[in-house]
Structure formats: structure tokens, C-alpha cells
Amino acid sequence: MERDENKQISGSLKTDMGYLNQVLDVEKNFDVICRTICFGGREACMYLVDGFCKDELVQKLLQYLMDMKPEDMPEDMHGISKQFIPYVEVDVEGRFEVIINSLLSGMFVLLVDGYEKALLIDSRTYPARNVEEPEKDKVLRGSKDGFVETIVFNTALIRRRIRSTDLHMEMMNAGESSKTDIVLCYMRGRADEDFLEAIRRKIKSIRVDSLTMNQESLAECLYQRRWYNPFPKFKYTERPDTAAAQVLEGNIVILVDNSPSAMILPTTIFDVVEEADDYYFPPITGTYLRIARFLITLFTYFMTPTFLLLMNHVEWVSEAFSFIMLKEEPNIPLIWQFLILELAIDGLKLAAVNTPNMLSTPLSVMAALVLGEFSVNSGWFSAEVMLYMAFVAIANYTQQNYELGYALKFLRIINLLLTQLFGLWGYIAGIAVAVLAVCSNRTVSKSSYIYPLVPFDGKNLKNRLIRRRLPGAVKKQNK
């Protein structure tokens, strides 16, 4: 039976129960519980989804209601909620559309014969794992908590760090079937109001059946232009301290239910490579870590195309750098070796993700022996090629953003192909393609992706490259 979005509670318990039982198909859905009770001389009915409600709380509320006498019954449902429900999160609603959505999200619904409103009690409890340090977004020093799949826990982790009345948590939802909860987290007075309103409009205008892949589905709905540009438009973090810091800086953080990470926007290339470890160490150490990460990230792009160019033009290699030359003539052209290893590295990543923990160590040893030493001895790959590709594979993990790593990978492959086909001019063209991809990209707010480099802001650029003392420490010293 299809829902009538405008249908209201009639006040006749039999009629209202009949409509709900048909819409919810109570007879077939074993986890949708419908129970008829009686209190205060009136017949009532409660609906709940098994596994979402706190059993002890529901039991106490029912015991309290069943002690009511007919002369104590108020005239309407508002009176019951104010006088006889000793609980905090209680609402009264008359529209079936809202009632059904609330029920399916885990609320306890109570209908009473003769009352044209329903009582919604938020007694939800979701299956959730413990708050622990994220596997990917780790730090050497700092807090060890991380986001989980329950959105209320995630908002609490941010609220715990920002005790300000300017912090706003705005609830929305998207998806015709999923009704996925989405929270806009921002600081009033610091976030760009025009950009915030634009994000609100985009979320409200989303017309999809469900956000199947949670954040990624939402991201594709929010940003639909230039899908072919591989550089990330959003920064994702599983760390509440990072999300709180971004909120305080005036950015907008989006939390999606069932997703253990936060989306940060707008995001520039400098935001993507910035990490929490930069701020958990003294300024000089944080600056070194930041610059080292920048340089190593660039090396992952330039390493293999440069080596291929030099091996195709060995006359350009000076005597001082002759040690980089191939010691043996390759059996397979270098370009094919690099392309095969680019694919093989991704194969190893996928295998590592799907390998059971108890087998990961022996299989890792086997992969190192077979794919490493034996592949060189058999003549498939040159030792120098294996060395440089090993550096690229490991160096990709110096920054935690997956999208940036694959963006550099795609551009590196393009550069390899152009270098093989057109030599030096192809190498230069590959670099030009990479620079164009970065510079032509735009953030979700349509601002420059490489700000403060373009438009140039020297002070901001200095702060991006050099980790300076935190403002709070400076103020404390000046007092």
C-alpha cells in the first residue's frame, strides 16, 4: 500500500491501526512490533522496531502509563506528554508520513483512541562499535578516538571539543527510500553564509532513491561538474579533533549516518595534504613533517617518468649519476614494466584488503619473495624498476588521502606514456597536463583549488607551508 503524505490521524484507533498495519505490513515484518494496550480507560496501541528501542525504558514508560486512572486522562496528547511521560525526548505528531519515518528510524510510537495526535518517544539505541582510533587516520601523538557509524555519537565527539553556542548541528535527510540522516556542522559567524545556504539547497534538491554509498553518493550529488578531474573535491577524516579544528577555521563539516568519517568542505590541495600530526608536534618538527610530505608526494609523480626519460636518452646521464643506469639489458621494455607494476601494486592492495588477518603475515612473506626477488631473477623486471616502483608504492602512504594518491597515479601513467611516445616533449606535456589538472580544478564553493598560491596570498601561503605557533599559546604567553 502506498503512503498518503498528507494523511492525518483520524482519532479512531481502529482506523489508524488499519492504515499503519497495511503500510508497514506488520504481519510479514517480524521486527515491526504492534501491541494493543489499555490505560486510563482508553484503548491504545504502540509501534516499535525491534532492536532499535531500549527495552528497559519502554517497559518503565508502559508501567507508568498503565497506572493512570480514567479521571486522570488529559483532553489531548499534549497533556499526556507534559504530565505523564517522565522522559526528555518526546514529541507529538499528527501526520502519518512523519510518524512512519520516525518509527522506521527507531522511535517508539504510541496511539490512543480518541486522540488525533501520536506520541513519539525517542528511545533509540543503534548497534554501534566502540569509539577507537581509526585504522587509516592515525597520529603519533594526540587523541585516540575516532568517528563511528552512529551519527549521534559523532556529533557528540565534536560538541565535546567545541563548547560554544555558535556551534550548530543542523539535521537534514536525503533519499526517497533510505531517508539518510545528514548533519551540517558549522560555526555561526565563521562559516560563509552564502556557501552554507548553497549546500542546504543542494541537499534539499537531491532526488535519489537512496544514498547507497553514504558519503560518496552525497559527494557526487553535491559536485557534478568535471568528474574526469581526479583530484579530490572533499577532504575526509575519521578524527574528531581534525573535524573540530576545521569547524573552528570556518569550514563546513558534513556527517552522514552509517559513515565513520566526516566530509570537510571547501577543500583545497593544501587542505588535502595537511594532517593532524603537523600540530601535535613543536612548530619546527611540524614544519619538517609538512614539507617532507609535500616533497615525497611530488617525488611519487616525478620518479618513474624521469627515470624512463633518462633511460631512453642515456647520453643525458652524467658520469656522476651513472649508478642509476640499468646494469643489465631489459628483456621487457621499461614502459611495459612500469605499467605492469602499476597494475600489480593495486592488485596487491586489493589482495591485502581481502586477506584474513591470520593469513596476512605468511602471504606477505610469500609475496615479497616471489614477486620481488624471483621476478627480477627470472628476467621479467629490472632491479632498478622494482626499486623505484617500491618507493612510489610506499611513499603514497605518507599522506592519508586515497583520492590524491590515485590522482597522482593516473597522471603518472599519462606522463609515462607521453614520455615513451614523444621523449622530452612528451615528458614536458605530461607535467603540463598535471599542472593544468590541478590549476583548472575548483572547490565545491567554486573558489581556487590552489589558494593561496592562486590568487596569491603570501601570508596565508607561508602559514600553509610553515607550521607556526598556535594562537592560543601566543595569547597565553602575552598575558
Inset, instruction - Per residue, how big is the convex hull around the C-alpha atoms of segment 246-356? Give it to me in cubic angstrom, could you? - result: 215
Inset, instruction - Round to the nearest 10 and give me the degree value, 0 to 90, for the angle of helix 402-439's Cα axis relative to the longest principal axis of the chain. - result: 30
Legend entry - Probe 1.4 Å, accessible area per residue of the chain, Å²: 55
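Given charges of +1 on the Cβ of Lys and Arg and -1 on the Cβ of Asp and Glu, with all other atoms neutral, how large is the dipole of the chain about its Cα centre, in debye to the nearest 20? The partial results should precede the final answer.
Working: 52 positive and 59 negative charges, 419 e Å.
Using Cβ point charges on Lys, Arg, Asp and Glu, the chain gives about 2020 debye.
If each residue of separation counts as 0.36 nm, what is the full-extension length gain between Val353 and Glu197 once their alpha-carbon separation is subtracted?
Full extension of this stretch gives 52.3 nm more.
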Inset, instruction - Within segment 168-255, list the GluC sites (Glu not before Pro) lying in a DSSP loop whose Cβ has at most 12 other Cβ atoms in a 10 Å radius. - result: Glu176, Glu249
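Given a Förster distance of 22 angstrom, what is the FRET efficiency for His313 paired with Glu403, based on the Cβ-Cβ distance and rounded to 0.05? Kindly include the intermediate steps, with their values, before the conclusion.
On the way: r = 34 Å, r/R0 = 1.53.
Step by step, r from the Cβ atoms, then E = 0.05.
For segment 1-93, what mean projected area does the convex hull of the alpha carbons give, in nm²? The partial results should precede the final answer.
Working: hull surface 27.0 nm².
Approximately 6.7 nm², given one-decimal rounding.
Does segment 221-287 come out rounded, prolate or oblate, given a ≥ b ≥ c as the square roots of the eigenvalues of its C-alpha gyration tensor, rounded meaning a/c under 1.5 and, failing that, prolate meaning a/b above b/c? Present the calculation step by step, with values, prior to reporting the outcome.
Working: a/c = 2.35, a/b = 1.48, b/c = 1.59.
Oblate is the answer for segment 221-287, as a/c is 1.5 or above yet b/c matches or exceeds a/b.
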Legend entry - the chain - mean residue ellipticity at 222 nm from DSSP helices (-39,500 (n - 2.57) per run, n ≥ 4, rounded to 500): -14500 deg cm²/dmol
Legend entry - Cα-projected label distance for Arg129 with Ile37, points at 7 Å along beta-carbon direction, nm: 3.6
Inset, instruction - Please give the length that would be gained between Leu248 and Met172 if that part of the chain were fully extended, namely 0.36 nm times their separation in residues minus their C-alpha to C-alpha distance (nm, one decimal). - result: 25.2 nm
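When 1/r is averaged over all different Cα pairs and the result inverted, which Kirkwood radius in Å belongs to the chain?
26.9
Would you please give the FRET efficiency between Ala344 and Val454, computed as 1/(1 + (r/R0)^6) with r the Cβ-Cβ distance and R0 = 30 Å, to the nearest 0.05?
Details: r = 37 Å, r/R0 = 1.24.
After rounding to 0.05, the efficiency reads 0.20.
If you average 1/r over every pair of different alpha-carbon atoms in segment 41-104 and take one over that average, what Kirkwood value in Å do you get? The partial results should precede the final answer.
Working: mean 1/r = 0.0753 Å⁻¹.
By the Kirkwood definition, the hydrodynamic radius is 13.3 Å.
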Inset, instruction - Kindly flag which residue pairs out of Lys144/Lys235; Lys28/Lys204; Lys69/Lys117 have an alpha-carbon separation exceeding 27 Å in this structure. - result: Lys28/Lys204
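Among rounded, prolate and oblate, which fits segment 372-454 when a ≥ b ≥ c are the square roots of the eigenvalues of its C-alpha gyration tensor, a/c under 1.5 means rounded, and a/b larger than b/c means prolate?
Details: a/c = 3.74, a/b = 1.70, b/c = 2.20.
Verdict is oblate for segment 372-454.
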Legend entry - Calculated P(r) tail over 24 Å for segment 111-256, as whole % of Cα pairs: 41
Inset, instruction - Note the angle between two axes, namely the Cα long axis of helix 357-367 and the longest principal axis of the Cα atoms of the chain, as a number of degrees from 0 to 90, rounded to the nearest 10. - result: 10
Legend entry - Cβ-based net charge around Lys349, under 15 Å, with every Lys or Arg adding one and every Asp or Glu removing one: -2
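The values are calculated or read from the model by the stated rules, or taken from the named source; none is laboratory data. Values in this document were obtained by computation on a predicted structure and should not be read as measured data. In this analysis, Cβ positions are derived from the backbone assuming ideal geometry, glycine residues included, and neighbour counts consider all displayed protein chains. Just so you know, the surface numbers come from the protein's heavy atoms only, side chains and all, with ligands and any DNA or RNA stripped out. Shrake-Rupley method; radii C 1.70, N 1.55, O 1.52, S 1.80 Å.
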